[in-house]
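Asks: Here it is, the structure in full.
The values are calculated or read from the model by the stated rules, or taken from the named source; none is laboratory data. In this text, all values refer to a predicted model and were calculated from it rather than measured experimentally. Glycine gets a Cβ as well: all are built from the backbone with ideal geometry, and neighbour counts include every protein chain shown.
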Amino acid sequence: MSEFYSPIRPNMQTLSLLSLDIIDKDLLDEVKKLADEGSIAIYFGKTLRDLKCVIKDDNSETEHELFIHYKGPKKLTIVSVSLPYSSLQEKEYRSLEEIATAYKNYVNNLAPYCYELERIDRFCSVMQPLHPSFKDDYRRILLDERTWLHVEVTTAGLATNIHLIGQSDLWHDKLQSGLLSWDHDKDIVENIMSVFVQDLSTRESPTCGICLCDELPDDLGLPLPLCQNPTCGVHFHRNCLYQV
């Protein structure tokens, strides 16, 4: 959606904004004020009804995008956001500043969650999601050519629902032993490294044993080690298996 938006720059003339199809002086004044202050980045879509705000995490300077819809004077709603779902998405807001304040507090509360996901993305070979974001609260990490580790992260930054995808007695035994000695004073990556005692940062995208591709236009996931045979190292897209 990024190509759909044009930035609102400091000192932009209000007159140029009035050429759009909606005239809401309060909104235009607020947009101009926020742009001049540089407190949040604001982008317009094709009309004033579509906006994007970019706010930064106070802890890491990570940027988070909020897509907003203008319903009418002092009526703004959230269309989508690159963060876990919250009740904030269901509210109606009176101003952009109200939205920015609410989400800035939410983002700051999510600091442990974002930190853990950033660490996993940086130090591990993440196979899924294909394009990880903070909206995705899970990661699937490559252990070997036929085994992945599934980890979910709570908003408090804790690991949960940890399990293997694929068949491996070796990794299964290591995981069961490691979960018993999981150290909550360490971050998730440190614990994973302690459990499996290996470098998890090397990634080679697997190809499907049926279509011989790693990605399909209608399937955003990579091929999975779905075979129940412990000696099989072949990966498959679920869609390909269904069609065989």
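Asks: Would you check if there is a residue in the range 85-94 being crowded, with 16+ Cβ neighbours inside 10 Å and closer than 17 Å to GLU30 by Cα? Break it down into steps so the answer makes sense when it comes.
Replies: Of the range 85-94, the ones crowded, with 16+ Cβ neighbours inside 10 Å are 86, 88, 93.
With the extra rule that they be closer than 17 Å to GLU30 by Cα, the set shrinks to 93.
Yes: one or more hits.
Asks: In the range 33-42, is there at least one residue being under 21 Å from LEU66 (Cα atoms), exposed (fewer than 12 other Cβ atoms within 10 Å of the Cβ) and modelled with pLDDT of 55 or more? Don't jump to the end; show me each part of the working.
Replies: Pass one, the range 33-42, residues under 21 Å from LEU66 (Cα atoms): 33-42.
Filter again for exposed (fewer than 12 other Cβ atoms within 10 Å of the Cβ), leaving 37-38.
Those still in the list that are modelled with pLDDT of 55 or more too: 37-38.
Yes, there is a match, as at least one residue in the range 33-42 is under 21 Å from LEU66 (Cα atoms), exposed (fewer than 12 other Cβ atoms within 10 Å of the Cβ) and modelled with pLDDT of 55 or more.
Asks: Let me ask something additional. Can you pull out every residue in the range 82-104 that is free of Cβ contacts under 8 Å to residues at least 24 places away in the same chain and charged (D, E, K, R)?
Replies: Answer for the range 82-104, where residues must be free of Cβ contacts under 8 Å to residues at least 24 places away in the same chain and charged (D, E, K, R): GLU90, LYS91, GLU92, ARG94, GLU98.
Asks: Cβ-Cβ below 9 Å, separation at least six or inter-chain, first residue in the range 179-190 and in a helix (DSSP H, G or I), second small (Gly, Ala, Ser): which pairs?
Replies: Between residues of the range 179-190 that are in a helix (DSSP H, G or I) and residues that are small (Gly, Ala, Ser), the close pairs are ILE188/GLY157; ILE188/ALA159.
Asks: Looking at this structure, is GLU63 closer than 23 Å to THR154 by Cα, exposed (fewer than 14 other Cβ atoms within 10 Å of the Cβ) and in contact with a strand residue (DSSP E or B) (Cβ under 6 Å, 6 or more places away or on another chain)? So that I can check it myself, show each step before the final result.
Replies: Working: closer than 23 Å to THR154 by Cα: yes; exposed (fewer than 14 other Cβ atoms within 10 Å of the Cβ): yes; in contact with a strand residue (DSSP E or B) (Cβ under 6 Å, 6 or more places away or on another chain): yes.
Against the criterion (closer than 23 Å to THR154 by Cα, exposed (fewer than 14 other Cβ atoms within 10 Å of the Cβ) and in contact with a strand residue (DSSP E or B) (Cβ under 6 Å, 6 or more places away or on another chain)), GLU63 qualifies.
Asks: On to the next question. So THR77 ticks every box in (1) of a type in the set (S, T, N, Q); (2) modelled with pLDDT under 95; (3) under 19 Å from ASP26 (Cβ atoms) but one. Which box is left unticked?
Replies: (2)
Asks: Let me ask another. If you take the residues of the range 119-160 that are of a type in the set (Lys, Arg) and touching a helix residue (DSSP H, G or I) at 6+ places or on another chain (Cβ under 9 Å), which of them is surrounded by the fewest Cβ atoms within 10 Å (Cβ to Cβ)? Even if it seems obvious, please write down each step before you answer.
Replies: Here is the first cut: in the range 119-160, the residues of a type in the set (Lys, Arg) are 119, 122, 135, 139-140, 146.
Narrowing further to those that are touching a helix residue (DSSP H, G or I) at 6+ places or on another chain (Cβ under 9 Å): 119, 122, 139.
Details: ARG119: 16, ARG122: 10, ARG139: 24.
Per the criteria, the residue is ARG122.
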